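Here's the structure, in structure tokens; my notes come after.
The values are calculated or read from the model by the stated rules, or taken from the named source; none is laboratory data. Note that the coordinates shown come from a computational prediction; the quantities given were computed from them, not determined experimentally. Here the Cβ positions follow ideal geometry from the backbone for every residue, glycine too, while neighbour counts run over all protein chains shown. Each accessible area value is taken on the protein alone, full model and side chains, heavy atoms only, with ligands, DNA and RNA left out. Shrake-Rupley method; radii C 1.70, N 1.55, O 1.52, S 1.80 Å.
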Amino acid sequence: MRTVYGVSASPFVRKVRVVLAEKGLDYQLEPVIPGPQAPPDYRKLSPLGKVPAFRDGDRTLADSSVISAYLERVAPEPQLYPKDPYDYARALWFEEYGDGGLVPVVGPKIFFQRVVGPKFFGQATDEAVVKQALENELPPLFDYLEGQVGGEFLVANRLTIGDIGVVSPLVNLRFAGVTVDAKRWPKLAAYVGRIMSRPSFAALIKEEAATFGFEQ
Ligand SMILES: N[C@@H](CCC(=O)N[C@@H](CS)C(=O)NCC(=O)O)C(=O)O
């Protein structure tokens, strides 16, 4: 049995779970909160101590990008990494745009501030941090994506790891009560709505909202 280790509200854990769902692969989720609450031997699975980690029989892996690339080789259909070299690189670029561009703003500055801190750690929201992120940091990230959305998907007219990487952190944004403003970013808003409506994303959004009591 395959196992994903991590908290389901993590955009990186969600990325791997969407890949597994799109490929129709069975797995179990083993809840692990990174940091001091992780099991003592967790670094054997994830040497940097982060989630997700992954087990496939006696093989273990860490890092959502590594795990997703592994799953593509294990189950090549449906193909989430284009064969064409440039499309392949563009899909990886959008995955990185989500991981390295959207997550650092959406995760700690909006989702943590508005949801995780108050709900799980009794910490008040720092409204100045949220305001700065919403007004100054997120808009240029969305401006770029608005210019990149052409059709149904970002690359190669099919779902790729790029779409999954970009939309996963936007689920955290949605749980924080923020959606893409369709007046300002019409193409991006429609695109995000389409991707989140896919059964793979929709099932996780429903499950996570029920598990953690998040507003959908
Ligand atoms: N590059 C990693 C990033 C994973 C990551 O940063 N996960 C966060 C949770 S969303 C984490 O484990 N943070 C705890 C820590 O950095 O110690 C991946 O793609 O899996």
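Given a 1.4 Å probe and the protein chains as shown, residue 56 ends up with an accessible area of around 40 Å².
Available extension along the chain between residue 187 and residue 26 is 54.6 nm, counting 0.36 nm per residue and deducting the alpha carbon span. Rounded to the nearest 5, the antiparallel percentage of DSSP beta bridges internal to the chain is 75%. Listed values for segment 18-29 are Karplus-derived 3J(HN,Hα) couplings in whole Hz (6.51 cos²θ - 1.76 cosθ + 1.60, θ = phi - 60°), namely 5, 4, 4, 5, 4, 8, x, 9, 6, 6, 10, 9, and x replaces Gly and Pro. When the inverse distances between all different Cα atoms of segment 133-183 are averaged and flipped, the Kirkwood radius reads 12.0 angstrom. Based on the Stokes-Einstein relation at 25 °C and a viscosity of 0.890 mPa s, and on the Kirkwood radius from alpha carbon pairs, segment 43-180 is assigned a translational diffusion coefficient of 148 µm²/s.
With 10 Å bins beginning at zero, the pair-distance distribution over Cα atoms of segment 89-132 amounts to 30, 38, 22, 10, 0 %. Where does the Debye-calculated log10 I(q)/I(0) of segment 25-110 sit at q = 0.11, 0.12, 0.26 Å⁻¹, using only Cα point scatterers of equal weight, no solvent? Here the Debye-derived log intensity ratios amount to -0.40, -0.47, -1.28. Annotation for residue 144 and residue 127: the two label points, set 7 Å from Cα along the Cα-Cβ direction, are 3.0 nm apart.
Computed over protein heavy atoms with a 1.4 Å probe, the carbon and sulfur contribution to the accessible area of the chain reaches 54%. Averaged over its residues, segment 42-123 has an accessible area of 53 Å² per residue, based on protein heavy atoms and a 1.4 Å probe. In the distance distribution for segment 160-216, Cα-Cα pairs more than 16 Å apart total 41 percent.
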